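Read the structure below first, then the notes.
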Amino acid sequence: MAVYETALRRRETVAEGTMAFYFDKPAGFAHRAGQNAVFTLVDPPETDAQGPGRTFTIASAPHEPEIMIATRMRDSAFKRVLKSAALGARLRIDGPGGVMVLHEDAARPAVFLAGGIGVTPFLCMARHAAASRLPHRIVLFYSNRRPEDAAFLEELRTLERGNPNYRLVATMSEAEKSSRPWQGETGFIRPDMLKRHLKDLKTPIYYSAGPHAMTMSMEVMLADLGVDEDDMRSEEFYGY
């Protein structure tokens, strides 16, 4: 993979305990929607056993002028440095890589199953699908504890209003603990939810992303529903 130099340009909070970081897009850098890259701090003031680099999905779409990643802000050396670094701080990007990209056969719908910050590859794909007017039918199932924890929820709703081929099904597992009213789905992503929102369970290609336990449970659920293993793609987010 190629190695590029970049700089941190801005950051923002996108949900409780979740931040987005924006970087310059280096000359010649190009990625496909859904891919990831390794982001490495240059001469960080502290590090840990995992070293100065981490792998992140690129949440910004290929056509956008900046590179954006988003992450839960756990107490690790890498995230402490990234949160406090001065704007202009230097990083290296190794990539892009990964095969979590949209299939080419637009006759087959795409079903995205996201847990928490696992939504980032699907945010990128949804942005790209809208900007490129892709013909693929896309349904995103997005699971969080509460609306406050759901990064990019409003943007994903806005994308739904602008793209007739894309639909969002957001669900909250602890909606009763929220300070905001919630009228959508509740509980985890489960078979009856898929059956209510999908016309046919075996035609789509399924993509799941989130913590390890979540992606494993999605694969078991899909297999129990008769989905072929070749029609499943997954990406796990460790320590996010």
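The values are calculated or read from the model by the stated rules, or taken from the named source; none is laboratory data. All figures in this text were calculated on a predicted structure; none of them were measured in a lab. Methodologically, a virtual Cβ is constructed for each residue, glycine included, from the backbone with ideal geometry; neighbour enumeration extends over all protein chains shown.
Does at least one position in segment 207-223 carry a residue that is of a type outside the set (Asp, Glu), in contact (Cβ under 8 Å) with a residue 40 or more places away in the chain, in contact with a Lys or Arg (Cβ under 8 Å, 6 or more places away or on another chain) and closer than 30 Å to Lys79 by Cα?
yes
Evaluate the following for Arg137: is it in the same structural domain as Ala15 (by TED's automatic domain parsing) and surrounded by fewer than 23 Cβ atoms within 10 Å (Cβ to Cβ)?
Numbers: in the same structural domain as Ala15 (by TED's automatic domain parsing): no; surrounded by fewer than 23 Cβ atoms within 10 Å (Cβ to Cβ): yes.
The answer is no for Arg137.
Does Thr158 satisfy the condition of being free of Cβ contacts under 8 Å to residues at least 24 places away in the same chain and farther than 18 Å from Thr18 by Cα? Can you show your working first?
Details: free of Cβ contacts under 8 Å to residues at least 24 places away in the same chain: yes; farther than 18 Å from Thr18 by Cα: yes.
Criteria met by Thr158.
Any chance you could count how many residues in segment 183-208 are in contact with a strand residue (DSSP E or B) (Cβ under 6 Å, 6 or more places away or on another chain) and modelled with pLDDT under 95?
Here the count works out to 1.
Conditions (1) of a type in the set (D, E, K, R); (2) within 26 Å of Tyr206 (Cβ to Cβ), marked per residue:
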{"position": "Pro45", "(1), (2)": "no, no"}
{"position": "Thr55", "(1), (2)": "no, yes"}
{"position": "Ser60", "(1), (2)": "no, yes"}
{"position": "Glu66", "(1), (2)": "yes, no"}
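Run down Leu168, Leu194 and say which single residue is within 21 Å of the chain's Cα centre (by Cα), buried (at least 20 other Cβ atoms within 10 Å of the Cβ), over 24 Å from Arg72 (Cα atoms) and touching a residue at least 24 places away in the same chain (Cβ under 8 Å). Even if it seems obvious, please write down each step before you answer.
On the way: Leu168 fails: over 24 Å from Arg72 (Cα atoms).
None of the other options fit; the residue is Leu194.
Which of the following residues is among the small types (Gly, Ala, Ser) and touching a His at 6+ places or on another chain (Cβ under 7 Å): Ala61, Ala77?
Details: Ala77 fails: touching a His at 6+ places or on another chain (Cβ under 7 Å).
It is Ala61.
Taking the residues in segment 172-190 that are of a type in the set (Gly, Ala, Ser) and surrounded by 10 or more Cβ atoms within 10 Å (Cβ to Cβ) as candidates, determine which candidate is nearest to Glu16 (Cα to Cα). Full working, then the answer.
Step one: filter segment 172-190 for residues of a type in the set (Gly, Ala, Ser), giving 173, 175, 178-179, 184, 187.
Restricting the remaining residues to those that are surrounded by 10 or more Cβ atoms within 10 Å (Cβ to Cβ) gives 173, 175, 178, 184, 187.
On the way: Ser173: 16, Ala175: 15, Ser178: 12, Gly184: 20, Gly187: 19 Å.
Across segment 172-190, the extreme among qualifying residues is Ser178.
Residue by residue through segment 101-127, note down the ones that are of a type outside the set (Lys, Arg) and in a loop (DSSP other than H, G, I, E, B).
First, pick out the residues of segment 101-127 that are of a type outside the set (Lys, Arg): 101-107, 109-126.
Once the filter is applied, which keeps residues that are of a type outside the set (Lys, Arg) and in a loop (DSSP other than H, G, I, E, B), segment 101-127 yields Val101, Leu102, His103, Glu104, Asp105, Ala106, Ala107, Pro109.
Out of all the residues in segment 75-132, which are closer than 25 Å to Ala27 by Cα and among the hydroxyl-bearing types (Ser, Thr, Tyr)?
Answer for segment 75-132, where residues must be closer than 25 Å to Ala27 by Cα and among the hydroxyl-bearing types (Ser, Thr, Tyr): Thr120, Ser132.
Yes/no matrix, rows are residues, columns are (1) in the same structural domain as Phe56 (by TED's automatic domain parsing); (2) within 27 Å of Glu104 (Cβ to Cβ); (3) not in a loop (DSSP other than H, G, I, E, B):
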position	(1), (2), (3)
Thr158	no, yes, yes
Pro164	no, yes, no
Arg180	no, no, no
Gln183	no, no, no
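For segment 51-71, which positions are of a type in the set (Val, Ile, Thr), assigned to a strand (DSSP E or B) and under 11 Å from Gly95 (Cβ atoms)?
Of segment 51-71, the ones of a type in the set (Val, Ile, Thr) are 55, 57-58, 67, 69, 71.
Now drop any that are not assigned to a strand (DSSP E or B), which leaves 55, 57, 67, 69, 71.
Of everything in segment 51-71, those that are of a type in the set (Val, Ile, Thr), assigned to a strand (DSSP E or B) and under 11 Å from Gly95 (Cβ atoms) turn out to be Thr55, Thr57, Ile67.
Going residue by residue through segment 81-92, is there one that turns out to be in contact with a Lys or Arg (Cβ under 7 Å, 6 or more places away or on another chain), more than 23 Å from Pro204 (Cα to Cα) and free of Cβ contacts under 8 Å to residues at least 40 places away in the same chain?
No; the residues of segment 81-92 include none that is in contact with a Lys or Arg (Cβ under 7 Å, 6 or more places away or on another chain), more than 23 Å from Pro204 (Cα to Cα) and free of Cβ contacts under 8 Å to residues at least 40 places away in the same chain.
Only one of Thr55, Thr71 is surrounded by fewer than 20 Cβ atoms within 10 Å (Cβ to Cβ), within 18 Å of Ala209 (Cα to Cα) and not acidic (Asp, Glu); which?
On the way: Thr71 fails: surrounded by fewer than 20 Cβ atoms within 10 Å (Cβ to Cβ).
Residue meeting the stated conditions: Thr55.
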